[in-house]
Structure formats: structure tokens, C-alpha cells
1. Placing the label point 7 Å from Cα along the Cα-to-Cβ direction, what are the distances from B:Q252 to the equivalent spots in the other copies, shortest first, in nm to one decimal?
2. Taking the Cα atoms of the protein assembly as shown, report the difference between the largest and smallest coordinate on each principal axis, in whole Å and largest first.
3. Evaluate E = 1/(1 + (r/R0)^6) for A:R281 and B:S289, where r is the Cβ-Cβ distance and R0 equals 56 Å; express this FRET efficiency to the nearest 0.05.
4. Report the label-to-label distance for B:S160 and A:D117 in nanometres (one decimal), using points 7 Å from each Cα along the Cα→Cβ vector.
5. What are the nm distances, shortest first, from B:Q136 to its equivalents in the other copies, labels at 7 Å along Cα→Cβ?
6. Using only DSSP helix segments of four residues or longer, with each worth -39500 (n - 2.57), what per-residue ellipticity at 222 nm results for chain A after dividing by its residue count and rounding to 500?
7. Tell me the volume per residue, in Å³, of the convex hull enclosing the alpha carbons of the stretch A:152-210.
8. By how many nm would the segment from B:A45 to B:A247 grow when fully extended, if each residue of separation counts as 0.36 nm and the alpha-carbon distance is taken off?
There are 2 protein chains.
Amino acid sequence: MGQMQVSEVGEFALIQRLAGILGQAPPPELVVGIGDDAAVWRAGAAYLVATTDTLVEGVHFLPAALPWADLGWKALAVNVSDIAAMGARPLFALVTLALPPGTPVAGVDALYGGLSDCAARFGVAIVGGDIVRAPQVSLTVALLGQAETRRGRPLLLLRSGARPGDVIAVTGSLGDAAAGLRLLRQGVPPGDPRTVAQLRPDPPLGVAQQAARLGIACGIDVSDGLLQDVAHICRMSGLSALLRAAAVPVGQTARQEFPAEALALASTGGEDYQMVFAGPRALIRRLRSLSGAVLTEIGEMREGPPEVRLLDEAGAEVRFASAGWDHLRP
Amino acid sequence: MGQMQVSEVGEFALIQRLAGILGQAPPPELVVGIGDDAAVWRAGAAYLVATTDTLVEGVHFLPAALPWADLGWKALAVNVSDIAAMGARPLFALVTLALPPGTPVAGVDALYGGLSDCAARFGVAIVGGDIVRAPQVSLTVALLGQAETRRGRPLLLLRSGARPGDVIAVTGSLGDAAAGLRLLRQGVPPGDPRTVAQLRPDPPLGVAQQAARLGIACGIDVSDGLLQDVAHICRMSGLSALLRAAAVPVGQTARQEFPAEALALASTGGEDYQMVFAGPRALIRRLRSLSGAVLTEIGEMREGPPEVRLLDEAGAEVRFASAGWDHLRP
């Protein structure tokens with residue numbers, strides 16, 4: 001054990017170790033702990049929802065490809081997505097900004113501007129934070145929100161909330177964030193509209209809150225990649241998921257720019273920050289008609305081993321090189 | 001403006017710029033925003049207190065001098081200190097761990113152990129977080145707490161809460177954290193008891209909560225250095241502070257190891273994570289007798305320009321090269 005490195009263990013196993021060491025005696029106020037999109041804590045009659053996410057230069061973004069204002073927007077938006085994935089409403093954020101001493105002040109001002117625009121978009125207040133020196137830029141946001149309650153119980157979308165027979169549905173389209181990243185790497189400038197999905201994710205917060213209000217019990221955001229994110233639902237709900245490849249709503253940029261790999265980008269590319277719900281068909285359809293959102297049924301939950309299978313129209317399993325993103329593996 | 005670098009502006013001016021860009025229209029739920037030890041947010045009848053602090057390898061610690069378990073302890077303890085500085089009780093934390101892929105798993109386990117020990121010490125639950133890849137280790141903790149209330153009003157220690165004539169008092173002793181850092185840099189091993197104040201800060205949480213409960217209205221923790229931290233009180237309260245050099249409680253390690261610079265270490269060294277209170281003499285004395293804590297009166301608040309003056313027994317001002325720590329200046 002002594003010399004094993006974190007790259008050999010991977011992000012998810014490391015989180016499990018953390019949960020094992022820390023989660024010995026969870027306090028009664030802790031409603032949802034490590035393992036969902038956000039934690040839920042009961043404070044009196046209020047159910048608080050808390051999450052944190054980081055963007056690190058050179059790992060999550062390349063400075064040349066992610067303008068300062070977009071970095072500010074995205075760092076908050078990915079956290080809003082986690083609060084949305086619980087069906088909750090974001091309230092306030094703490095922002096930790098790590099900067100090399102040579103960072104231009106104008107860049108930091110632009111970053112604050114993007115952060116501020118995103119905060120206004122989602123009704124979030126930036127209430128504090130920390131500024132530290134570091135060899136590269138990174139931006140960590142901790143976001144607090146609150147779940148609605150009905151008769152004293154919180155209305156939450158949980159990874160563990162799926163039931164056999166539930167329909168799996170996804171908002172919007174997938175793959176354009178990954179396609180946008182490829183284009184940026186090929187030298188397409190950040191102002192190009194094909195990069196918007198990558199640079200300015202816009203999580204469907206209102207739809208997610210409406211889902212929780214309607215009684216849909218299961219949701220997750222598409223951050224690591226559809227297959228990997230649905231696999232989290234499978235693991236936490238103890239069920240299988242069957243997805244129909246032909247039903248996956250592939251985004252226009254992915255289809256037009258990378259037609260041969262569009263399905264792979266949509267299934268494993270990640271960073272779309274759309275929402276996946278699992279719930280009874282009647283509730284999914286009610287959510288679609290009430291919200292007016294694009295909401296595509298892509299499969300269903302079944303009894304069986306906790307794994308996702310993506311099937312083509314002949315019923316054969318479609319496989320990709322990777323199901324998604326692991327933050328620690330090379 | 002375009003080419004100015006953050007190192008020329010400094011941490012505090014940068015936070016002011018952030019507050020200016022973001023703080024245009026603070027929501028009514030925001031009770032205390034950017035500028036105190038922590039933010040305070042009203043959620044129904046509850047007053048939530050939120051803070052975040054980061055430790056970055058090579059900036060806040062040297063890997064050889066800060067063992068993994070101590071890093072875990074300290075990252076949480078410095079945040080507990082911020083919640084204490086508001087007079088509140090910490091509840092739950094989110095932990096973001098940035099790691100190079102080659103980090104030994106045994107080190108991460110030890111870090112989790114130190115984090116867990118500190119969480120148990122202060123009654124904090126670790127409820128979630130994020131693990132990301134980065135070129136160097138850093139650890140960001142976001143900590144949520146709650147203020148007590150009396151007749152519906154929160155009992156808070158604020159930087160802006162000092163009044164003319166208030167006595168300034170400090171818990172414990174100062175300078176040993178800075179002395180411990182010097183010893184570590186000189187090659188003294190982390191197991192040496194003279195390094196404990198540096199490696200395992202132990203903020204006086206109970207005393208701070210008791211101060212708020214007694215009606216003391218002003219407090220700050222000693223993180224950046226006594227003079228700089230009291231200067232924050234001066235700025236936010238619009239008052240002067242007079243401190244008596246002879247009264248500053250200098251720690252034993254600082255006195256014994258660095259006698260010539262002991263007062264400088266105690267006044268500007270920082271990282272002591274003791275508490276400074278400003279309040280009526282009667283309340284300060286009541287706090288001392290009720291808590292049984294070491295609580296030393298070191299000066300008082302006066303009408304006048306917002307600055308701190310440290311006076312020797314002849315009444316001459318004592319000056320040091322630096323008042324404390326700025327995270328962005330070289």
C-alpha cells in the first residue's frame with residue numbers, strides 16, 4: 001500500500017476511501033453525504049444543499065482556450081449544475097481564486113465579470129472567498145443552496161432514487177461541449193459560436209427544480225459523460241440501465257463537425273451540464289409539457305447488475321474506449 | 001490598468017475590487033458579506049455562517065515540513081478559526097483536494113486521518129468535496145456554521161463591532177506558530193513539540209462562542225498577524241487601536257528560541273489562530289472568569305484614524321518591517 005500512487009487508484013476509489021475514513025458516525029443532521037451531486041444538511045426546518053467544484057489551469061482548461069470571463073462563468077455554472085442535480089435552488093457561493101503573482105489585473109477583473117454574470121443568471125450571491133498565490137490559476141467555488149420542502153420533507157433528486165421501470169430522460173442535447181473543446185484545441189477561437197457549449201454551460205436549473213416539485217426522485221447532471229453519470233445512478237439505486245443509442249440527442253456541433261464520433265462525444269464526452277432524470281413515464285411527460293423543455297426519453301431502469309448498456313437498433317451493445325472522465329488517471 | 005499584475009495590487013485591494021464588481025445589489029438574506037472572517041446568510045430562522053480557506057504547497061506549506069496528517073488537521077482548523085471569529089458553531093465542511101498523480105495513497109490516507117481528527121475535535125462533519133489533479137498539492141475547505149440567536153437576532157462577533165473605550169483582549173499566547181515555522185525551516189523535525197503551534201493550531205472555539213453569548217460584539221482571529229488583524233477591526237469599526245507592547249502575551253517557544261525577535265513574531269508572525277476580542281471591560285472580565293481561558297488585555301479602541309499603534313513602556317511607537325502577511329505580494 002505504502003508506495004501506491006493516487007493515479008493507480010483513481011478518483012472514485014479515492015473518494016470511497018475518504019468516505020470510509022470520515023463517514024464512521026454521520027450526524028443525524030446529515031441527510032445526504034458523500035456520493036451524490038451535493039450534500040444535504042438539515043438545519044432546523046431548512047434543508048441545505050452544498051457542493052464544491054474546482055477548475056485547474058492545465059487540467060480542466062488551457063489558458064489560451066478559456067478566456068478569463070468564461071472561466072469565471074464556468075466555475076460557478078458547474079456548481080449550479082450540481083445544485084440543480086439535487087432539484088434544489090442555489091443561494092450563495094464562496095470563491096477561492098489561486099493566482100500566480102504575474103496574473104494581469106485586467107484578467108482578474110474579466111473573471112469577476114463572468115462570475116458576476118453567471119451569479120445574476122442563476123440568482124446566486126457571491127458572499128466571500130479567498131485569494132491565494134499559486135503556480136497556476138485555479139478557481140474553486142463552494143455553493144450553498146436549499147431544497148424545497150412539502151409537509152416538512154425535502155424534495156430532492158437523488159442518484160439513489162431510481163426504481164425499476166423508470167424512464168430515463170435527458171434535457172437538451174449532448175456532445176457539443178466535447179466537440180467545442182476539440183475545436184478549441186484545433187485552434188478555433190473562443191468567440192466562435194460552436195464553442196459556447198464548452199465555454200458557457202447553462203444548466204437547466206428551473207427544469208430540475210420543477211422535476212423535484214413534481215415528485216421525480218432521481219436525477220444527476222451530465223458532467224463526466226452520459227454513460228458514466230448514468231452508471232452512478234445504477235450503482236446508487238442498485239439497478240441496470242438500458243439506453244437506446246438512436247434516442248440519444250446528439251448536439252448539432254458534434255454532428256456537423258465530428259459526424260463519425262458524434263455519438264461517442266454525446267455518450268462519453270462530458271461537460272454538457274444537462275440533466276438526466278429517472279422517473280415514472282407519466283411524471284417525465286408531465287415535466288416536459290409543464291416546463292416546455294426539450295426532454296428526450298433515452299432508456300429505462302431495470303432490475304439487474306448496476307451497469308449501463310447502450311444498445312444500437314439491432315440490440316447490439318455499443319462500446320467506446322472510455323465511459324468518461326476520471327480526474328486522477330493519466 | 002491593462003498590464004498591471006496582481007502582485008502590484010495585493011490581496012486586500014484585489015478583494016476590494018471583487019467586492020466592488022460583485023456587491024452591487026446584495027440580497028436581503030445577506031447579513032454579512034465580503035470583508036469579515038466569514039459571511040452570514042439568513043435562511044428562515046437560521047443564521048448560516050460560511051467561510052473558505054486554502055493551503056497551497058510551496059506557498060502555505062513546504063511538503064517536507066508539514067506532514068500529511070498535520071496538513072489535513074490544519075486545513076480544517078484554520079476554517080474553524082474563521083467560524084469561531086464570528087462567534088458561531090461550525091457544522092459541516094466540503095473538502096477540495098488537488099493532488100499530483102504521483103501522490104502516495106498512504107499520504108492521502110494520513111491527510112484524511114488528520115482531517116478526521118480535527119473534525120472530531122470541533123464537532124464538524126465532512127459531507128463532501130472534490131478531488132482534482134494538479135501540479136502541486138492544495139487543500140481547500142469550505143466550512144458552514146450557524147450563529148446562535150437571542151430573540152430572533154444572531155449573536156455575532158464582527159470586525160465592525162468595536163466601540164470607543166472597548167478593551168482589546170487576546171486568548172492564549174502569540175508568536176509560537178511563527179517561531180515553529182522558523183524552526184522547521186532550520187531543519188527541526190515536525191515531531192518536535194516546539195512545532196505544534198505551527199502544525200496543529202487549536203482555535204479557542206468555545207471561548208469565542210461564549211464571548212458572543214455574553215454580548216461581546218467584536219472579534220477576529222489572529223491569522224495574518226496581530227497588528228494586521230487588529231487593523232482590520234480599526235478599518236471596519238472606524239476607530240484607532242492602541243496596543244501596549246509589554247502586555248502582548250508572547251509564547252514560550254518564541255521567547256526561548258528567538259528572544260530578540262519574539263515581540264515581532266508575536267505581533268506580525270501570524271498563524272496563531274488565537275482570538276482577539278474588543279468589548280467593554282466588564283464583559284471581557286466576565287468572559288475570562290466564566291471560561292477560565294487565558295485572556296490578556298493588550299490595549300483599547302479609541303476615536304481616531306483607522307490604524308493600530310503598538311507602544312512601548314515609554315509611550316514610543318514600536319515598528320516592524322511588515323505588519324503581516326499578504327498572499328499575493330512577493
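1. Distances between equivalent label points, in nm: 7.3.
2. 92, 50, 50
3. Working: r = 68 Å, r/R0 = 1.21.
So the FRET efficiency works out to roughly 0.25.
4. With each label placed 7 Å out from Cα toward Cβ, I get 3.1 nm.
5. 1.3
6. Numbers: 11 runs with 111 residues, N = 330.
Value at 222 nm, helices only: -10000 deg cm²/dmol.
7. Details: hull volume 7.5 nm³, N = 59.
That works out to 127 Å³ per residue.
8. Numbers: separation 202, 0.36 × 202 = 72.72 nm, distance 4.13 nm.
Full extension from B:A45 to B:A247 adds 68.6 nm.
Laboratory data are not the source of any read-out in this text; all were calculated from the coordinates shown. Note that this is a predicted model, so its numbers are computed, not measured. Reconstructed Cβ throughout: ideal geometry from the backbone, glycine too, with neighbour counts over all protein chains shown.
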